[in-house]
1. List the number of the failed condition for GLN158; all other conditions in (1) in a helix (DSSP H, G or I); (2) within 13 Å of the ligand (Cβ to nearest atom) hold.
2. Identify all residues within the stretch 326-374 that are modelled with pLDDT of 95 or more, under 20 Å from the mean Cα position of the chain (by Cα) and assigned to a loop (DSSP other than H, G, I, E, B); write none if there are none.
3. Out of the residues in the stretch 103-147 meeting the condition of being among the charged types (D, E, K, R) and more than 9 Å from the ligand (Cβ to nearest atom), tell me which one is farthest from the chain's Cα centre (by Cα).
4. Quick one: ARG199 ticks every box in (1) within 27 Å of ASP307 (Cα to Cα); (2) away from the ligand (no atom under 16 Å from the Cβ) except a single one, so which number is it?
5. Could you tell me whether any residue of the stretch 225-232 is among the basic types (Lys, Arg), within 10 Å of the ligand (Cβ to nearest atom) and closer than 20 Å to ARG342 by Cα?
6. Report every pair of residues separated by at least 6 positions or lying on different chains whose Cβ atoms are under 6 Å apart, first residue within the stretch 94-120 and within 15 Å of ALA279 (Cα to Cα), second near the ligand (Cβ under 9 Å from one of its atoms) and aliphatic (A, V, I, L, M).
7. Inspect the stretch 145-164 for any residue being in contact (Cβ under 8 Å) with a residue 40 or more places away in the chain, in contact with a Pro (Cβ under 8 Å, 6 or more places away or on another chain) and acidic (Asp, Glu) and give the result as yes or no.
8. Scan (1) away from the ligand (no atom under 16 Å from the Cβ); (2) outside any loop (DSSP other than H, G, I, E, B) for the single condition ARG163 breaks and write down its number.
Amino acid sequence: MSVSTVAAATTICAPLPVLGRDVTVPLVTGGEVTYAALDYAASAPALQRVWDDVAAYAPYYGSVHRGAGYLSQLSTDLFENARKTVEEFLDCRPDDQLIFTRSTTDSLNLLAAALPADCQVFVFETEHHASLLPWQDARVTYLNAPRTPGQAVETLEQALAARDPQGPALVCVTGASNVTGELWPVRQLAAAAHAHGARIVLDAAQLAPHHPVSVQDLDVDWIAFSGHKLYAPFGSGVLAGRADWLQAADPYLAGGGASRKVSRREDGGVDVEWHDSAARHEAGSPNVIGAYSIASACKALTEAGFDTLVAREQHLIEKVRTGLAEVPEVKVLSLFGDDAPRVGVISFVVDGWNSSHFAAALSAEYGIGVRDGLFCAHPLLRTLLGTDPQTQGECGAPEAAPGEKSLNAIRVSFGAGTPDEHVERFVGAVRELVTKGAKWTYHTENGRCVPAV
Ligand SMILES: Cc1ncc(COP(=O)(O)O)c(C=O)c1O
């Protein structure tokens, strides 16, 4: 069943309650309005349920894996149960290891530090910098942007067929683009990787908050995601997958918790026996609230039901895409074309407008929070914009004259907590700004476009 038929077949549920849903912000033109948080792809608001779970646990907070006291025992149980809950959420294999990290960036850097010697890495240039950059010390091949999902598989197949077949290899791919929201053909890419003796890591930072993800079904070797994009903004992320490379590698951080036994040598040095469980890469005091909050979010999303969440999100995507399509000055950025399945992440440029100026006006005049810039995906933006992108143009004047290419873009993104009114306000604001112009004047301050007050 395609994503759009899911939407048609399922009743649209109410948004899940999130923190900040009633927060009002001042408008530069006077008055206040409820804040429309439309930057979920950067950081999603906390689910109310996550916040409530964390608040209920907070008085019982204690050290993890360390203390003998009751609250330490309880916190240790909570931390280890959180690991099990997230493993279930990701449908991990029984012998996979799940490591709590700080974020997706941290998870991918951990895996990069655990690559076997002489590992070849294959990564599309379209990746977020978190997936693009950690492999610099390996033999990395950057693959050109594909223009269809099929071309992505073909490009990877060709690159792998040409690789040195003896050594280890890793493919790193995103599940859903943080720029276009488009879904990547992960299962097919995993099959291609495995057919050529390579392994694959899935960057699920933008996928896991929107879709159910099964490590076993997709047949990926590792998966990484961030709590703060999954409605659990307490500083934790996840890397889960095959234990062998992780356990053969030196600990990501050296320190307590990762070490089983430390002894002085005759020559005055120190010998260390490292753990061979997930603890090997979790040195230091674990972030129990971060881990617990991710587990809480996993439970909340599962209980709400991804079928209904996906249907609701597709309904919002439809509203935004239809609304933007009615404004001829707006160009939505896409690699795979209009029919590609996608999550609620949409980037666009507006003819004759500086993106930073446009985003500032959405905020100051309509109380809408979006993101502008290059979204930590510079090579992808270069491909999509067809020009050398820049993080900032001079605000107030369009960075490109009408009809010329834009130098950066605007991104609107949403999810399980987004009410219809937020996307309706956004579409109305885009239409009004394009037809009537901004009501206020703006200037550049500390590299950001802000209202001149
Ligand atoms: C696809 C993708 N991968 C990785 C990251 C990095 O996530 P974090 O900043 O939580 O490490 C992001 C963040 O926007 C992302 O969108």
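The values are calculated or read from the model by the stated rules, or taken from the named source; none is laboratory data. Given the structure is predicted, the values throughout are model-derived calculations rather than measurements. Virtual Cβ from ideal backbone geometry, glycine too; neighbours counted across all protein chains shown.
1. GLN158 satisfies all of (1) in a helix (DSSP H, G or I); (2) within 13 Å of the ligand (Cβ to nearest atom) except (2).
2. Matches in the stretch 326-374: LEU333, SER334, LEU335, PHE336, ALA340, PRO341, VAL343, GLY344, VAL370.
3. Only one residue fits best here, namely ASP118.
4. With respect to (1) within 27 Å of ASP307 (Cα to Cα); (2) away from the ligand (no atom under 16 Å from the Cβ), ARG199 is out only on (1).
5. yes
6. SER107/ALA224
7. no
8. Condition (2) is where ARG163 drops out.
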